[in-house]
Amino acid sequence: MFWLFVVKEFKSIIRDPKLLIAMVVVPLILIAVLYFIIGQGIVHQIEQTTRESSIVAVFDTDGEDYSQVFVSYLNSLGLKTIIINCTSIDEAIEIFKGLETKILYIIPPGFSYNLSSLRPSVVQVYVKLGSLTIGEGGVIDIASRYINLFNSYVIKTVASEKGISPEFIGGAIVSTTRGLLVDRVIDNPSNTVFALTMGGLFIPLIILMLVIFSAQLISTSMAIEKEEKMFETLLSLPIKRMSIIGAKLLVSIAISAIYMIGYSFVLFGFIFRSVPGFESLQGIPLAISLPSDIGIYILLNVAGLAMFMVSVALLLSLFAEDVRSAQAILGNVIGPTIIAVYLPMFIDISSSPSIRLALSFIPLANTIFIPKIAIVQDIPALAIASISNLVYGVVMFMVIRRIVSSETIFTLRLSAGRKKAMR
């Protein structure tokens, strides 16, 4: 008997075009699209890292033999080396900001003398941060790797000149890396990029919890009421129909917000305990790079997003006749939602203000972009991102109000399979 019911369930799914499309066709298409986007994003990040790390700038305040050897060594690696000629480090940094490179090496005075005297020498490394993508972390690592390669080369060279074994020479060159982010100098840029990368991975999870949970909650409750004919009964009562719809929206958003907050605490609590390196993120000076009212922008954006997505779920659930059709309809929306929240991981927002402005209008994506937009201090894009979701939510609410206030709500159906059977 058990297997008869299994076969029956398979047949019911295959015979129902809504379920077949929602559970087989659409997921396959979305998985292919998602993998393609992720693959292309990774390829783009690798190409970006390779391109941006192939050009370096050098400000030489030493001017002696080993500083020239350093420049020659960089050229031998196939890099394009730009020599900055100026009188101070501050001036060199200003010139560096206008160059088509993200890596600047500052060779200190006494660099060659220290190496000749078997003393360690410090090279300052500056990396421009702007795209705030995964690939930028690769540029930071490669900038340090060039120093490590030259360190090994210098140790062998000095050991050969002094006639001693390289093992007797310690670290000849030590590098200190700093990041330049919107006219600010940031220590430990690797930690900053790591924090942004982890945020790009886990913040979408939190947003998805809000979107999926609230959408499932309201669509399922609507479908159950439709199955039991309770929804039509409620609408026929002598009360405002929007009071019923508004109550459903408010309860769904409230429960989803509580769920999202709890999920956030559990998720980040687990991350801070389990992921190595998170303990060192407490000293990241990100606060100096964010507007003081960033919390208000994020709150408005998330509130608008919740209102918009719950309204979309409610609108779609009006077309469903039962729980199964409601889940089928909603399943077609969740896939594009996942793509929308993870796409920002691979998009460079530093290239053009118009790109940031356009992205701030896209629901879901603008929620993920808000921290990056705040860091680059694009206030117009930040303001648009904070209120655009609210506008979309209000528009969707007005559409629902118009449908609910008319008799159209009693005739909305997506039941092509049943109509065909009736014929």
Residue separation between Asn148 and Leu118 times 0.36 nm, minus their alpha-carbon distance, gives in nm 9.1 nm
Spin-label pair Ile29/Asp293, simplified geometry with 7 Å Cα→Cβ offset, distance in nm = 4.3
Please report how far the C-alpha centroid of the stretch 24-60 lies from that of the stretch 94-167, rounded to the nearest whole angstrom.
-> 27
How far apart, in nm, are the 7 Å Cα→Cβ label points at Lys156 and Ser243?
-> 8.4
The stretch 354-382 and the stretch 210-252 have their Cα centres apart by a whole-number Å value of 33
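For the stretch 54-187, give the magnitude of the charge dipole about the Cα centre (Cβ charges: +1 Lys/Arg, -1 Asp/Glu; no others), in debye to the nearest 20. Please list the in-between numbers first.
Numbers: 10 positive and 14 negative charges, 60 e Å.
Magnitude of the dipole: close to 280 debye.
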Sorting Phe308, Phe36 on the 10 Å Cβ count, fewest up front, what's the list?
-> Phe36, Phe308
Would you order Thr50, Thr133, Thr81 from fewest to most other beta-carbon atoms within 10 Å of each residue's own beta-carbon?
-> Thr50, Thr81, Thr133
Placed amide H near Thr61: partners under 5 Å, 5+ positions off or other chain | Ile107
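Return the FRET efficiency for the residue pair Phe319, Trp3: r is the Cβ-Cβ distance, R0 is 45 Å, and the value is rounded to the nearest 0.05.
Values: r = 34 Å, r/R0 = 0.76.
Calculated value: 0.85.
Bear in mind that the values in this text are calculations on the coordinates, not laboratory data. All values reported here derive from a predicted model rather than from experimental measurement. Note that each Cβ is placed from the backbone with ideal geometry, even for glycine, and that neighbours are counted across all protein chains shown.
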